[in-house]
Each structure stands twice: as C-alpha cells, then as structure tokens.
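Report on the following structure.
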Amino acid sequence: QVTLVQSGGGSEQSGGSPTLSCAASVHTWNPYCMSWLRQGPGKDQRDEVAVIDDAGTFYRASVKGRFTISRVNNTLSLQMNGLKPEDTGKYYCAAHVSKFCHGRTWYNYWGPGVQVTVSS
C-alpha cells in the first residue's frame, strides 16, 4: 500500500512560480511511476499534466517549458513557472505499480488533490 500526501496549491497571481509536492508515505519493493494530473473547471476527467517514468519525462503541450516534474526517491514535485489563468484546476498526484505511467487514465494510488487558482 502507498499513501500519497500532497502539499502546495492555493490562490496564485499570473506569473507566479509555486511548487507542488507529493510524498509517498509507504514504500514498496516494486517499482512505480508517478504523475501529475489536473481536473479543470467544469470537467469531470483528470488530464495528464506531467509524468516521470522509466521512459523519461512527459508534459502536456500547454505547460511544456514552464513546468518541471522531478522525483527524489518517493517524493514527487512539480515546479510551476509563469502561471497562467488556464493553469487553474485541481492537481492530483498519482502513482502506479509499473515502469510506465504516460498515457494512463487510472492509477493504483491517488493523492487527495490540491486546488490551484490563477487570477489574471
């Protein structure tokens, strides 16, 4: 079992540079990949924002060059730079017992999510 605890989020100004963090409190012997997904305003689905797995890192086009995903052991981070109003949404940390996460729509483990609201 893996429990994901998230920190960060809140109201931000356009151009802000906050960092989201996600810590896995329980270790496993099996490798697992981790991702950041976002649920936009008025939407039910969670869309992939950034992924880090054995194939490398992946970003959705709208955040590429502005966001950076990183992982140190069981701690996942998302450095967000130059925030825009369209970045607004609820950000979820997710983990899956696999070497690859890119393109997944469901995961073994989910964090509670944090709201990021960007004002213009």
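The values are calculated or read from the model by the stated rules, or taken from the named source; none is laboratory data. The model shown is predicted, which means the values in this text are computed figures rather than measured ones. Cβ sites come from the backbone with ideal geometry, for glycine too, and all protein chains shown count toward neighbours. Ligands, DNA and RNA are stripped out before the accessible areas are found, and what is left, the full protein with its side chains, is counted by its heavy atoms. Shrake-Rupley method; radii C 1.70, N 1.55, O 1.52, S 1.80 Å.
Using alpha-carbon positions, what is the distance between the centroids of region 15-40 and region 42-66, in Å?
Centre-to-centre distance over Cα atoms comes out at 12 Å.
Give, rounded to the nearest 20 debye, the magnitude of the charge dipole that the chain has about its Cα centre when Lys and Arg contribute +1 at Cβ and Asp and Glu contribute -1 at Cβ.
For this selection, approximately 80 debye.
Tell me the relative contact order for region 4-101 as a rounded percent, counting alpha carbon contacts under 8 Å between residues six or more apart.
Rounded, it is 39 percent for region 4-101.
Once the Cα atoms of the chain are picked out, what are the Rg and Dmax in Å?
13.4, 45
Counting only protein heavy atoms and a 1.4 Å probe, tell me what percentage of the chain's accessible area is made up of carbon and sulfur.
50 percent
So which chymotrypsin sites (Phe, Trp or Tyr not before Pro) in region 1-41 end up in coil per DSSP with only 12 or fewer other C-beta atoms within 10 Å?
29
Where only protein heavy atoms count, and the probe is 1.4 Å, what is the accessible area per residue for the chain in Å²?
That works out to 52 Å² per residue.
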